[in-house]
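Engineer: To start, I am sharing the structure in question, which I have written as structure tokens.
The values are calculated or read from the model by the stated rules, or taken from the named source; none is laboratory data. Not measured: the values here are computed from a predicted model. When we count neighbours, we look across all protein chains shown, and the Cβ atoms used for this are built from the backbone with ideal geometry, even at glycine.
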């Protein structure tokens, strides 16, 4: 009993107990984070200053070549048409898909907000399906859809409607490039991306005080007025957050695109984004890890910048509740 | 009074349900169509992609061929057999490994972030969000370099096992930051009084965590376990990069099938069966845990 009183009123509990507990609770997570995030990040930056290729790490990791990889990368962007295609594709793909993700998410959130709940839940679940589908299956769905022969769903639809007379390969036929390839990338990624905005915006709309909406209805506001003057201003920070977060996601996602390129649904130069270029340079085509690491470092710098911006918008301090007390 | 208020607020909700519901249905048609074609084709003798749907028969032959590993032919009806059961098992091993590591580390760390004051706590929490958003492609180059380097110091007979262990931990690492945030959210909901009374009675933090908190955060543990299982189950890139080409999972198998094979030798409805089988955990999850998904979906996976 005396011990407990000591602990309670004089805070005499041994400090080492808390340290041991903290080490146990945080240890595994910290270890994994350091081994697989922190060290690799610095190592990628380091590799970008070495001539590493073909994973011959023993041979090349000791050689320092300064900014040579970065110079090569910028020379490629200036003179190599394929590399320029990567840059243009990345910009176009991100700009259009981002607009679709944010505006589409907003449209879905508003539409599901204004209808009865049992109908809206069904649609929300349906639109979340692509996000939860294994990426190989999701790409397989679009493989069947965009296939360049009579097997493709799109070809069959267009043939039936009389738009085309022969099956077309939208993503690889030089006649439709680059927009054919871009259209497929935008469509496939847009359908995954809108659900993020939908969920965030929907919960933001639901948290608007009912009195506000009732009051404006009593004053005779039409639905459009309600959206324009009440709802959108109230969720404006959510819109900014979703935009930044989705920009970051689009910049770094490449797995669907990798499969569509490998399966010859989209062209390999007009269907390649910066992240995919990085991956393919390191692992698939030329296996030039020095160059890939330079491309990855540039991506990381943009990524960290956007991540910090997103954090600032989130207003993290309000999100983190302080523990009420330590005994 | 209340009835009147909701009436004013929900003005025209009936009317909107019909109009917007139809508009949403129209917008959702491509999604509904592609999923329908995949699942239905796995039960048909030919792909349901054609405009003319005559001559289609219902069959389970695709599923039998799939489980026998007969997805490609050399000529006519002579099949090449792949060890599909091994690939399914591999997919399970990776998924369960990722789920195990993620659930354990985040249940431990989530408690600390929710309940213990320590220096750097707020910084670490923000750091985790940054990590979650960090470009994975920038990490994998270095993560693979470390793998190549460490592999050489091991006996060759251990290489395959090492590849599996490494791929599981490396893939789990990607899910750890968000899992900690999800677990912290579940710990935050539990009243402090319960814990205080235990601590006053002299229990250590570790005992409180194990005996009092764990039973109370079971839904959180389930959520993290399911999400990290699905993350491991669906992984393509890490499995492709780290596992030797003989050790495929369903993802890398489907990937290599369509990348290397010519369409003359692949029976696409059997591939549809493979895809549908691979989709099963997602479908089960949708049926049994809809609410959980709507709450936590955006945290788990990015796109």
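Engineer: Could you tell me whether the range A:223-231 includes any residue that is assigned to a loop (DSSP other than H, G, I, E, B) and surrounded by 15 or more Cβ atoms within 10 Å (Cβ to Cβ)?
Structural biologist: No, that holds for no residue.
Engineer: With B:199, B:206, B:221 as the choices, which residue is more than 11 Å from chain A (Cβ to nearest Cβ) and either closer than 28 Å to residue B:124 by Cα or buried (at least 23 other Cβ atoms within 10 Å of the Cβ) (or both)?
Structural biologist: B:221
Engineer: Shifting gears a bit: At least 1 residues that are closer than 21 Å to residue A:193 by Cα and touching a residue at least 12 places away in the same chain (Cβ under 8 Å) in each: list the helices (runs of 4 or more DSSP H) lying fully within the range A:72-161 that qualify.
Structural biologist: A:81-114, A:117-132, A:135-146
Engineer: I'd like the residue in the range B:241-279 that is surrounded by fewer than 23 Cβ atoms within 10 Å (Cβ to Cβ), closer than 24 Å to residue A:55 by Cα and facing another protein chain (nearest Cβ under 7 Å) and, out of all such residues, is nearest to the chain's Cα centre (by Cα).
Structural biologist: B:241
Engineer: Which one is surrounded by the most Cβ atoms within 10 Å (Cβ to Cβ) among residues in the range B:147-160 that are touching a helix residue (DSSP H, G or I) at 6+ places or on another chain (Cβ under 7 Å) and either within 19 Å of residue B:235 (Cβ to Cβ) or facing chain A (nearest Cβ under 7 Å) (or both)?
Structural biologist: B:147
Engineer: Another question, then. Do the conditions hold for residue A:31, that is, is it in contact with a helix residue (DSSP H, G or I) (Cβ under 8 Å, 6 or more places away or on another chain) and modelled with pLDDT of 90 or more?
Structural biologist: For residue A:31, the condition - in contact with a helix residue (DSSP H, G or I) (Cβ under 8 Å, 6 or more places away or on another chain) and modelled with pLDDT of 90 or more - is not met.
Engineer: Return the pair list, or none, for Cβ contacts closer than 6 Å from residues in the range A:284-310 that are more than 17 Å from residue A:254 (Cβ to Cβ) and more than 9 Å from chain B (Cβ to nearest Cβ) to residues that are at pLDDT below 90 and part of a helix (DSSP H, G or I), at least 6 apart or on different chains.
Structural biologist: A:309/A:244
Engineer: Let me ask something additional. Quick check on my filter: what residues within the range A:171-191 are crowded, with 23+ Cβ neighbours inside 10 Å and assigned to a loop (DSSP other than H, G, I, E, B)?
Structural biologist: Matches in the range A:171-191: A:171 only.
Engineer: Name the helices (runs of 4 or more DSSP H) wholly within the range B:172-281 that hold at least 2 residues that are at pLDDT below 90, closer than 26 Å to residue B:65 by Cβ and touching a helix residue (DSSP H, G or I) at 6+ places or on another chain (Cβ under 7 Å)?
Structural biologist: B:250-260
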